[in-house]
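Q: Dropping the structure in here first, questions after.
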Amino acid sequence: MANAFSWMSWTPPVAIFFACVALMLVGMTVWEVRSPTIERKGFLPMRTTRGDRLFIGLLAAAYINLAWVGLTDLDQWYAAVLGLLALVLIMRKG
């Protein structure tokens with residue numbers, strides 16, 4: 001089993017990232033079971049549920065990080081903060 005993940009460089013930031021994504025998925029699942037969501041319209045051009053907004057927010061954060069790597073030489077932590085802010089904005093107002 002350990003060799004299944006040997007292709008990836010498991011640095012502490014990578015492990016923290018994947019742990020945070022896993023915790024978000026578990027948290028959203030528990031929240032959905034306890035309080036089923038209803039679709040609502042925010043600034044996104046469609047009606048979305050909490051799960052939809054989480055998925056869109058994670059995609060936005062990923063694209064922000066990829067663009068950061070491709071367009072600047074600045075520290076990646078700035079992009080991580082921007083991605084987190086985009087995720088929070090989409091979850092709250094999307």
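Derivation of every value follows stated rules applied to the coordinates shown; laboratory data play no part. The structure displayed is predicted, hence computed values, not measured ones. All Cβ positions, glycine included, derive from the backbone under ideal geometry; neighbour counts span all protein chains shown.
Q: Per the Cauchy relation, a quarter of the hull surface: what is the mean projected area of the convex hull of the alpha carbons in segment 15-94, in nm²?
A: Working: hull surface 22.7 nm².
Dividing the Cα hull surface by four gives the mean projection, 5.7 nm².
Q: Pull up all non-local amide H partners of Gly94: gap of 5 or more, or a different chain, and H-to-H distance under 5 Å with H placed in the peptide plane.
A: For Gly94, whose amide H was placed from the backbone, the distant partners under 5 Å are Phe43.
Q: Okay, moving on. Could you pull out every whole DSSP H run in the chain that spans at least 30 Å of Cα extent along its own axis and averages 1.0 or higher on the Kyte-Doolittle scale? Kindly include the intermediate steps, with their values, before the conclusion.
A: On the way: long enough: 12-34 (32 Å, 1.62); 50-71 (31 Å, 1.04).
Those that clear 30 Å and a mean of 1.0 are 12-34, 50-71.
Q: Quickly estimate the mean residue ellipticity at 222 nm for the chain, helices only: each DSSP H run with n ≥ 4 gives -39500 (n - 2.57), and the total goes over all residues, rounded to 500.
A: Details: 3 runs with 63 residues, N = 94.
It comes out at -23000 deg cm²/dmol, rounded to the nearest 500.
Q: To continue, here is another question. Taking 7 Å along the Cα-to-C-beta vector as the label spot, tell me the Ile38-Asp52 distance in nanometres, rounded to one decimal.
A: Using points 7 Å along Cα→Cβ, the separation is 1.5 nm.
Q: Shifting gears a bit: Just add up the charged neighbours of Glu39: K/R +1, D/E -1, any other residue whose Cβ is under 9 Å from the Cβ of Glu39. Spell out each step's value before the answer.
A: Details: positive: Arg40, Lys41, Arg47; negative: Asp52.
Every neighbour counted, the sum reads +2.
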